[in-house]
Structures are given as structure tokens and as C-alpha cells.
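The values are calculated or read from the model by the stated rules, or taken from the named source; none is laboratory data. Just so you know, these numbers come straight off a predicted model, no measurement behind them. Here the Cβ positions follow ideal geometry from the backbone for every residue, glycine too, while neighbour counts run over all protein chains shown. To get the accessible areas, we keep the full protein, side chains included, count just its heavy atoms, and leave off ligands, DNA and RNA. Shrake-Rupley method; radii C 1.70, N 1.55, O 1.52, S 1.80 Å.
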Amino acid sequence: MGFKDELLAFSHAKITFDQPMKKITALGVGGNAKYLAVVDSLYSLNFLVQTAKRFKIPFKVFGNGTNLLVSDKGYDGLIIKTGGLCDVFFKRDQVRAMAGANLDAVIKFATEHRLSGLEPLAGIPATVGGAVVMNAGAFGRSISDCITTVETLKQGKIKVYDKNQCAFGYRKSRFLGKKEVVVSATFNFSKREREKIIADVKRYSSVRKSIQPIGKSCGSVFKNPIGQSAGLLIDKACLKGLKIGGAQISMRHGNFILTDNTATACDVYQLIRTVKEKINELFGVTLSEEVEYVGEF
Ligand SMILES: Cc1cc2nc3c(=O)[nH]c(=O)nc-3n(C[C@H](O)[C@H](O)[C@H](O)COP(=O)(O)OP(=O)(O)OC[C@H]3O[C@@H](n4cnc5c(N)ncnc54)[C@H](O)[C@@H]3O)c2cc1C
């Protein structure tokens, strides 16, 4: 049996072929994924990873696709979406969330149980898996601040990492760019009055809404250089509003690129390159991408 036959014979995950990745990424651009699977169990996840490895088929795990720029040529391999693996529950006195759970669902669960810690991250459209890998954060707080352990699937076995083994840094962790799949994370929250937690969630969400542009984007395109703001540099360089094809630098926030329905991945890529060149030329600063490229550019 070939790889496709094995997928067709496997009935424990939703598997489709030649699917447009613009539908599963926040930027809404990019070509087709040759194979796309949505998993709702560790069994399926493990089967797919092991089968892809056995057939030497490239694979990549997707959360909500909110930090990814997928090439117009698509992805010649297997995309595994963790969306169905989304339980959030108590493990002894700590909260454990599966990789495909939305971050907001974890915050809601914690709030219901009067547990506080991730309020500043409210509104980040990430899954737990994507947020752990990227060490997502906002308003001076990162997901790693509340993590005790991360559980992964490594060579068919569950491996548990203590927080200090995860190499968390500014928008990075040891899992970034690796084939190890994050399956869950365990959080240590502090007790707090529910009304205060709700008030903070509302406050952070409304600040987010007031600074973040409306439309399709990947959030911040660039990491902030040490001691500087990428958005401010882009603003100073008068690049706000710059447009290539259907991709445009937001007028509201210089570090956001918005796409319209005509945009291609190439438009976004060219815009990123143009910004990098201009910022380097004007300020001698090399911006590095927070957004991750998937496929060939
Ligand atoms: C409107 C908007 C606002 C945003 N605001 C913020 C913000 O305030 N702060 C911030 O930090 N980010 C922000 N982001 C960026 C993005 O949401 C984060 O980077 C987030 O962590 C990505 O999560 P995801 O589930 O979408 O991951 P994806 O984009 O799907 O994947 C990101 C990376 O994680 C890997 N990955 C995903 N799941 C797994 C898994 N289970 N196991 C192994 N690898 C995995 C992928 O392969 C990829 O390398 C924003 C994005 C948007 C669109």
C-alpha cells in the first residue's frame, strides 16, 4: 500500500486531499496541502506521524494557522491539524489543556474555576500547541509564565518536559521547527476572585481591539528588536499603507500586514522583504520575522 492508500484506509481522522491552505490560515493565502488530516485523538496523531515518517512524507502540525505564511505552491506533504484534540480538564490541582484547545477556552475554564494567570493573553487566536511552540504572549506576560509541564509525542511515546527544559524565550521554545508534537500543556494558576479575572479579561481584550487592525493578518509580522518596537520603526519609515498586490501594511499598526481576497502569499512575502530592506537601509536594523514560512518561497 502507498501512503495515500494507508490514509484512505484509516478511519480515525478526517483526511482530505489537495485542500486550499488559505482556508486554514489566518492570512488566508497559500496553495494546496497535498494531504490534510484533522485529528481528535493521540492514537490518530501518532498513526499519522509514524506513517508519514515511514513513507518519508514531509509533515507539519498546524494549530489555528495564525502565525503562518503558506507558499502559493502549497505544501507537498501532510498537514496535521490538532483542532479535535481540545479537552481542558483538571489533572490533580492543575489545569491541563490538549494541544488543539483554543487559548481562550483555557482562559474561560480557568476563570470558571477562579484561576488566574493568562488574562493578558485573552484574544490571541492561538491553540495551546501553537502558543506553547511560539511562547505566545502579550502585555508583558507569556504563556510560559503559567506552564509547569509540556507533554509531547516523541518517537511514538509521550515525553514530559518540565518548564525549565522547554527553552522558552521571546516567541520561541525548544519545540519550534522540530518534528516533536506538543500534545498538551499543564498550567499552574493562582486563586483569584472571579469578578476580578473577568474584569481583567475584558480590559485586555478591549485594549487589544483598540490597537489591533481589523482584517486578515498573522498578528505581528516581525519580532521587536531588543529595546525597540518593530511597529514604530515601520511607522517612522513611513511604510504604513504600503501595498503590494492584495497585501498592505496596516495604517493602524505598522507591524501588521492585512490581506484582501485577491492577495497571494507572494504579495505578503514581497511586502515583508521590502520592509526589511527599507528598515535596514534607514536604521541599520535587521528585522526578523515572527511569522513562519511554510513551503517554498
Ligand atoms: C489577529 C492576531 C493577533 C495575534 N496576537 C498575538 C499576540 O498578541 N501575541 C502573540 O504571541 N502572538 C499573536 N498572534 C500570532 C499567533 O496567534 C501566535 O503565534 C500563536 O501562538 C500561533 O498559534 P496557532 O495555534 O495558530 O499556531 P500555528 O500558527 O498553527 O503554528 C505555529 C507554529 O507552531 C507549530 N505547532 C502548532 N501546534 C503544534 C503542536 N501541537 N505541536 C508542535 N508544533 C505545533 C506549527 O508547526 C508552527 O511552527 C496573533 C495572530 C493574529 C492573527
In Hz, Karplus ³J(HN,Hα) per residue of the range 192-197 (6.51, -1.76, 1.60; θ = phi - 60°; x = Gly, Pro): 7, 5, 4, 4, 5, 5
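Give, as a single signed number, the net charge of other residues whose beta carbon lies under 13 Å from the beta carbon of VAL160, with Lys and Arg counted +1 and Asp and Glu -1. Present the calculation step by step, with values, prior to reporting the outcome.
Numbers: positive: LYS91, ARG96, LYS154, LYS157, LYS159, LYS163; negative: GLU151, ASP162, GLU180.
Local net charge: +3.
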Residue-span extension gain [SER190 to ILE214] - 0.36 nm each, minus C-alpha spacing: 5.4 nm
Karplus (6.51, -1.76, 1.60) ³J(HN,Hα), θ = phi - 60°, over the range 43-60, in Hz, Gly and Pro reported as x: 4, 5, 4, 5, 4, 5, 5, 5, 5, 4, 5, 4, 8, 6, 9, x, 9, 9
Fully extended contour minus Cα-Cα distance, from ASN280 to TYR170, at 0.36 nm per residue: 37.5 nm
Protein-only accessible surface order, largest first, of ASP104, ASP93 at 1.4 Å: ASP93, ASP104
Label-to-label distance, nm, for residues given as LYS73 and ALA105 (7 Å Cα→Cβ offset): 3.5 nm
From phi via Karplus (6.51, -1.76, 1.60), per-residue ³J(HN,Hα) for the range 76-88 in Hz, x at Gly/Pro: 8, x, 9, 9, 10, 9, 8, x, x, 9, 10, 6, 10
Two-site FRET efficiency, MET1 against LYS163, from Cβ-Cβ distance with R₀ of 51 Å, rounded to 0.05: 0.75
The chain, accessible surface, carbon-and-sulfur percent (1.4 angstrom probe): 51 percent
The chain: C-alpha gyration tensor shape, a/c 1.5 cut-off, then a/b vs b/c: oblate
